[in-house]
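Colleague: Right, I'll just put the structure down here and ask away after.
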Amino acid sequence: MTIVNHNEKIDTVNVVIDGIEMEVPKGTLVIRAAEQIGIEIPRFCDHPLLTPVAACRACLIEIDGVPKPQPACAQVLSEGMNVRTQRSSEMARIAQEGVMEFLLVNHPLDCPVCDKGGECPLQNQAMTVGRPDSRFEGEKRTFPKPINVNAEILLDRERCVSCARCTRFAEEIAGDASLELLERGAQQQVGTANDEPFDSYFSGNVVQICPVGALTSASYRFRSRPFDLVSVPTTCEHCASGCSLRTDYRRGTVTRRLAWDDPEVNEDWSCDKGRFAFAYLANGRIESPLIRENGELRSASWPEAMHFAAAGLAAAGTSAVLVGGRATVEDAYAYSKFARIVLGTDNLDFRARASSTEEAEFLAAHVAGRKLDVTYTDIETASQVLLIGFEPEDESPILFLRLRKGVKRGVSVHTVGPLYSLGSEKLSAHWVKAKAGSEAHAISGLDSEIVGALDSNSIIFVGERAAASPGALSAVSRLGSQTGARIAWVPRRAGERGALDAGAIAGLLPGGRPISDPTARSEVAQAWNIDADSLPNVGLTGTELVTAIKQGSTSALVIAGVDPSDLPNGDELIAGIENADFVVALENHHSEITQRASVVFPVAVVTEKSGSFMNWEGRSKPFSAAFREALTLTDAGVLSMLASAMNVQLNGDTRALRKELNSLVPWSGPRTDVNNHEVHAPAGTTLATWRLLIDSGVMQEGEPHLAATARPSVVAVSAAMFEQLGKPEVITVTGPKGSITLPTQVAEVSNESVWLPMNSPESHIYAQLGCGYGQAVTVKGGAA
Amino acid sequence: MKLTPVITEHWDDPELYTLDGYKSHGGYEALAKALTSDPDSIIATVKDSGLRGRGGAGFPTGLKWSFVPQNDGKPHYLVVNADESEPGACKDIPIMMANPHALLEGVIISSFAIRANHAFIYIRGEVPAAIRKVAFAVKQAREAGLIGKNIQGSGFDLEVTVHAGAGAYICGEETALLDSLEGYRGQPRLKPPFPAVAGLYASPTVINNVETIANIPYIIDRGVDWFRQFGTEKSPGFKVFAVSGHVQRPGIYEAPLGITMRELLDFAGGMRPGAELKFWLPGGSSVPMLTADHLDLPLTYEAMVEAGSMLGTGTPMIFDQTVSVVKAVTRWLEFYKHESCGKCTPCREGTYWITGVLEKFEHGNGTTGEMETLTTLCGQIAGRSFCALGDAAATPYPAAIKYFSDEFTAATHTSADEQFDPVASYVFSGVRA
């Protein structure tokens, strides 16, 4: 038989499970088919995203005509198969009961103090299919416990039931195969080679998939009982992957976060940053509005601060709005509206990082208002994948996992850049070597074999770093139109993609509408209920905007979610803020900006508000507040009040904003092509750098165990450069502002570039070197 | 029935292990014959001979070979399972030490038949003497052009790798052996896919026991009719029986399948003076024990199953009245507990539990309730474990309780050593002052 699904014919087989007739796709496992009709077969080693091992034997079932019970997790259904689970087969019931009794032989009875107690598959299944008591009277085997498998993950070997979910996850999904089963028999245990730490960005997943309390996290261990927690779904705010997570809290405090099942996006996984970096939500928050009086910030009531801010903004001259990557789609949209309607300016940017005019053109031409052009699922069946200025393992870890899945299915990956990373290795990627800053040359000079194989089923992933490599984005644009390969832009921060579609950048109104286009203007004006003529003309973005702020040609600033140390010209921005007539900061933690602002409004963090993030696919990922009792206001809420104080009505309600933005369907009018930008890679050695996933980012503060899993700060150079420098143990890299000295790591690096982490301990490149990606640096062996 | 030395025929020649020694007795004549024939016809001959695997399971060899897909574009491999580790089994190691070229000639012919250009001999690591002998044979064969490129002008290429295991019983399980050979920790693989389809390096692979492969040159040389004159319809051929235990002359006796234990016992000089047979196992500790009542049964695959046991490796272990069944079973379970790979729950936890209970019995501290527990625990392992190791571990106790339940009952108050003086069972027991 066949059934038709999405116009695709699927071969099926007819089977019977516990007397229920079913038609299932060929290749379906017994355990999956049984789930579909609500029959729960006990299991430990089984996980739908891992290959079956049939090791725990908890899922034994009877098949008519087969003398021995068979594992449901590995048994493929075939035509006419008659399966009997524990519900209708005494053989299956006894077999399962026996396995359950065995599993408890060496399992400690420490449920009352175990983190897993209350949500433990072993506990639950022992109650449902196990014997009422154990006949085992011997001594249980013991191990010293707990031991660290890495700084964040602890292992209690006594509780382990050897299901091998963690080791299979490490090998099959993360590609970090250092977690293994060691020893034999009852001494079998999870461990790592030579007791080296389990080095993985995805290590927290093993805690979540562990069916017992063997793997626990340092951050949650002994913190709570699961039944005391309130669980709410959320969207991860750490990057543009858009993972569905679950936030668990108790008495107003987040105790842990877990990956939520989202087959279209993160499947069942999350990275360690998404899982463990949440201490910032509670720590060091700004608690009340602040206004500057006699040069000092002091607490103020909301009305006082509002009137102060409104008066200040009204009195100042030309203004600008900078909104960083933490904003939700709705908040970014509110900033977009606030700038155009209340402040009457188009001086606006969401890119609190290295950016370029070329990038703005690229985003307008290829990204803004285009939703789900390329999806996670597309990766699995892509013919070729090209990575340009993009390090998925660090910059979009869940996309990295999907790429690995694709690679396992035969997708070939090419990476264009100065460093062949560990991540590239795990993707078996082909390296197109490029000096940092000269990616454009590498793209134009791509092997005809690679270019020839690019088609509409190929994907070009461009990272935000490409903006720092002159000509790279226009070269990508040309390559795309030449080959038909689809282009996907992957920013690093969660809010960027949404802010782009919300029009939080000069020159673009919501939905990718060019502000210079009369039709676009009138569409937006209608939705905003204003006169199209009142919309401002094209303003400044990026570097030019920061320069304008510094030079004082814009004298008032509304700024949110921006850390000057993320900007190549952060010093200019600070100088500009110091010079500006009036600066309004909306922030949840103090920063270089709030210390210099005229007025500071505290705003809600993700647990306190509802909203949505748009991930790199252009997929909207809405979430609601975890703490409904939170009294904080969203950015949009503050802007709405501020507008009101300035006599403009601006709806600050998240839902209304989302509805309004959705009504502005993506722009279907003409788009401007990307200009052919000049390529000018500096001579000499250039700086290659990006942010490691676990680094000194402010949203990772307060979680020392996570920080301890970070990759070490090193200077990576090629073997040739290492030789040339005289094989030094440490290397000093010097830029216009100063130097960084770090331990040497010889790696696959372009001979003309040197790599160091962008914002890791002892390596903050903008602050210390004063230059960025692709710019000239000098390199010397030894300390400065 | 008479002894029929074939593989063991010339073991009295101290030079048999050398290429010249082997050739002086007609060695490598079968290879010359094979290389000029059609590989499929060799498979057919082996199929017709009815040769069954000598590693314990008795699977028909020719049938196993015929499962290998042909013209599939993938490399094929022959892997010889020489990881002989079964308690009581000692036949493959003597074959490799005395007559390694018979194995090697079998390897070349078998590889030719299944179109393998690389064969591996995975030898138990604890027997360096056997590893050295086989490695030496491979070296001599390579120098003589019997291994390598274009063997004897046939156009057939074959590389042979001798690989030493690292001391794990589980690596005698064929798929665990493949994992170990590939450099992984040896644990059995999930089937399907079966090795014939995706075995070593995910390519079609045939895994055969040493003795099985050593049979091949003789079958090819002397023919199916010659082979089938020995043994029975379902168990044709001859078998290298390794008799151990309380007999006068423990050792290797090659005889047709279907010979009885009583006849083999006679060849082995019978029991020790004044001793009587208490129990025996036809082929290693993994098969259920039998008693004197079964001495006249033919040693064939089918008759042993009918008697509630198995032929296994065909290496009978003989125990006389001085032996405590409780103690013997405990030792075996300690072995299985030590060797359980840990992959599946029933074997890993079951052997741990059962061993602990058996040790109580050994010390006279068992209870009658625990006898019942042991029976159910064995039932919870048998047929539920991942591989045959678990089944094997669940074998000794139920068989022992079938014939010797009184001894276990006695072990609820009297230790094994008090019931049976351990010294009396030693070979040198008479030496005691």
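Colleague: Which of the residues belonging to the stretch A:164-176 are away from every other protein chain (no Cβ under 13 Å) and either touching a Ser or Thr at 6+ places or on another chain (Cβ under 8 Å) or assigned to a loop (DSSP other than H, G, I, E, B) (or both)?
Modeller: A:170, A:172, A:174, A:175, A:176
Colleague: Looking only at residues in the stretch A:81-107 that are away from chain B (no Cβ under 14 Å) and not in a strand (DSSP E or B), which one is surrounded by the most Cβ atoms within 10 Å (Cβ to Cβ)?
Modeller: Per the criteria, the residue is A:85.
Colleague: If you don't mind, another one. May I ask you to list pairs of residues, at least six apart or on different chains, whose Cβ atoms are under 8 Å apart, with the first in the stretch B:26-47 being closer than 25 Å to residue B:15 by Cα and the second being hydroxyl-bearing (Ser, Thr, Tyr)?
Modeller: B:28/B:22; B:30/B:218
Colleague: For residues that are crowded, with 22+ Cβ neighbours inside 10 Å and over 25 Å from residue B:73 (Cα atoms), tally how many sit in the stretch B:181-203.
Modeller: 3
For (1) of a type in the set (Asp, Glu); (2) at pLDDT 95 or above, each residue gets a yes or a no:
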| residue | (1), (2) |
| --- | --- |
| B:15 | yes, yes |
| B:30 | no, yes |
| B:33 | no, yes |
| B:37 | no, yes |
| B:49 | no, yes |
| B:53 | no, yes |
| B:56 | no, no |
| B:62 | no, yes |
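Colleague: Next question, about the same structure. Look through A:339, A:316 and report the one residue that is open to solvent by less than 20 Å² (accessible area, probe 1.4 Å) and modelled with pLDDT under 95.
Modeller: So the residue among A:339, A:316 that is open to solvent by less than 20 Å² (accessible area, probe 1.4 Å) and modelled with pLDDT under 95 is A:316.
Colleague: Is one or more of the residues making up the stretch A:437-459 free of Cβ contacts under 8 Å to residues at least 24 places away in the same chain and closer than 22 Å to residue A:680 by Cα?
Modeller: Yes, that holds for at least one residue.
Colleague: Does residue A:523 fit the bill of being surrounded by fewer than 23 Cβ atoms within 10 Å (Cβ to Cβ), assigned to a helix (DSSP H, G or I) and either in the same structural domain as residue A:635 (by TED's automatic domain parsing) or modelled with pLDDT of 95 or more (or both)?
Modeller: The answer is yes for residue A:523.
Colleague: Kindly indicate whether residue A:253 is open to solvent by 20 Å² or more (accessible area, probe 1.4 Å) and among the β-branched types (Val, Ile, Thr).
Modeller: Answer is yes for this residue.
Colleague: Residue by residue through the stretch A:114-163, note down the ones that are more than 14 Å from chain B (Cβ to nearest Cβ), aliphatic (A, V, I, L, M) and surrounded by fewer than 23 Cβ atoms within 10 Å (Cβ to Cβ).
Modeller: Scanning the stretch A:114-163 gives A:127, A:147, A:151, A:154.
Colleague: Residues that are over 30 Å from residue A:374 (Cβ atoms): which strands (runs of 3 or more DSSP E) entirely in the stretch A:247-351 hold 3 or more of them?
Modeller: Hits in the stretch A:247-351: A:253-259, A:290-293, A:296-299.
Colleague: Name the one entry in B:291, B:313 that is closer than 30 Å to residue B:185 by Cα, hydroxyl-bearing (Ser, Thr, Tyr) and more than 14 Å from chain A (Cβ to nearest Cβ).
Modeller: Exactly one of B:291, B:313 is closer than 30 Å to residue B:185 by Cα, hydroxyl-bearing (Ser, Thr, Tyr) and more than 14 Å from chain A (Cβ to nearest Cβ), namely B:313.
Colleague: Continuing with this model, one more query. Which of the residues belonging to the stretch A:484-506 are open to solvent by 20 Å² or more (accessible area, probe 1.4 Å) and touching a strand residue (DSSP E or B) at 6+ places or on another chain (Cβ under 9 Å)?
Modeller: A:486, A:487, A:492
Colleague: Could you list, in sequence order, the residues of the stretch B:296-323 that are open to solvent by less than 10 Å² (accessible area, probe 1.4 Å) and of a type outside the set (Ser, Thr, Tyr)?
Modeller: Residues satisfying the conditions are B:299, B:304, B:311, B:312, B:314, B:316, B:318, B:320.
Colleague: Tally up the residues in the stretch A:641-657 that are assigned to a helix (DSSP H, G or I) and surrounded by fewer than 21 Cβ atoms within 10 Å (Cβ to Cβ), please.
Modeller: 5
Colleague: Let me ask something else. Those residues that are part of a loop (DSSP other than H, G, I, E, B), of a type in the set (Val, Ile, Thr) and open to solvent by 20 Å² or more (accessible area, probe 1.4 Å), I need them from the stretch A:37-79; list them, please.
Modeller: Answer for the stretch A:37-79, where residues must be part of a loop (DSSP other than H, G, I, E, B), of a type in the set (Val, Ile, Thr) and open to solvent by 20 Å² or more (accessible area, probe 1.4 Å): A:37, A:51, A:53, A:66.
Colleague: Here's a follow-up. Taking residue B:338 as the residue in question, decide whether it is surrounded by fewer than 20 Cβ atoms within 10 Å (Cβ to Cβ) and either facing chain A (nearest Cβ under 9 Å) or touching a Phe, Trp or Tyr at 6+ places or on another chain (Cβ under 9 Å) (or both).
Modeller: yes
Colleague: Looking at residue A:218, is it modelled with pLDDT of 95 or more, within 23 Å of residue A:107 (Cβ to Cβ) and surrounded by fewer than 24 Cβ atoms within 10 Å (Cβ to Cβ)?
Modeller: Criteria met by residue A:218.
Colleague: Within the stretch A:60-80, track down each residue that is charged (D, E, K, R), free of Cβ contacts under 8 Å to residues at least 60 places away in the same chain and more than 9 Å from chain B (Cβ to nearest Cβ).
Modeller: A:62, A:64
Colleague: With the requirement that a residue be under 23 Å from residue A:99 (Cα atoms) and either facing another protein chain (nearest Cβ under 9 Å) or within 29 Å of the chain's Cα centre (by Cα) (or both), what does the stretch B:361-378 give you?
Modeller: B:369, B:370, B:373, B:374, B:375, B:376, B:377, B:378 - these are the residues of the stretch B:361-378 that are under 23 Å from residue A:99 (Cα atoms) and either facing another protein chain (nearest Cβ under 9 Å) or within 29 Å of the chain's Cα centre (by Cα) (or both).
Colleague: Sticking with this structure for a sec: Taking residue B:12 as the residue in question, decide whether it is charged (D, E, K, R), surrounded by fewer than 16 Cβ atoms within 10 Å (Cβ to Cβ) and either outside any loop (DSSP other than H, G, I, E, B) or touching a helix residue (DSSP H, G or I) at 6+ places or on another chain (Cβ under 8 Å) (or both).
Modeller: no
Colleague: Same structure, new question: In the stretch A:177-216, what count of residues is obtained for those that are in a loop (DSSP other than H, G, I, E, B) and either touching a residue at least 40 places away in the same chain (Cβ under 8 Å) or not assigned by TED's automatic domain parsing to the domain that holds residue A:256 (or both)?
Modeller: 12
Colleague: Going through the stretch B:206-240 one residue at a time, which ones are out of contact with any helix residue (DSSP H, G or I) (no Cβ under 6 Å at 6 or more places or on another chain) and among the basic types (Lys, Arg)?
Modeller: B:222, B:228, B:239
Colleague: Please state which of the following conditions residue A:540 fails to meet, knowing it meets all the rest: (1) part of a helix (DSSP H, G or I); (2) within 17 Å of residue A:508 (Cα to Cα).
Modeller: (1)
The values are calculated or read from the model by the stated rules, or taken from the named source; none is laboratory data. Only a predicted model underlies this, so the values are computations on that prediction, with no experimental measurement involved. Please note: Cβ atoms are built from the backbone with ideal geometry, for glycine as well, and neighbour counts cover all protein chains shown. Each accessible area value is taken on the protein alone, full model and side chains, heavy atoms only, with ligands, DNA and RNA left out. Shrake-Rupley method; radii C 1.70, N 1.55, O 1.52, S 1.80 Å.
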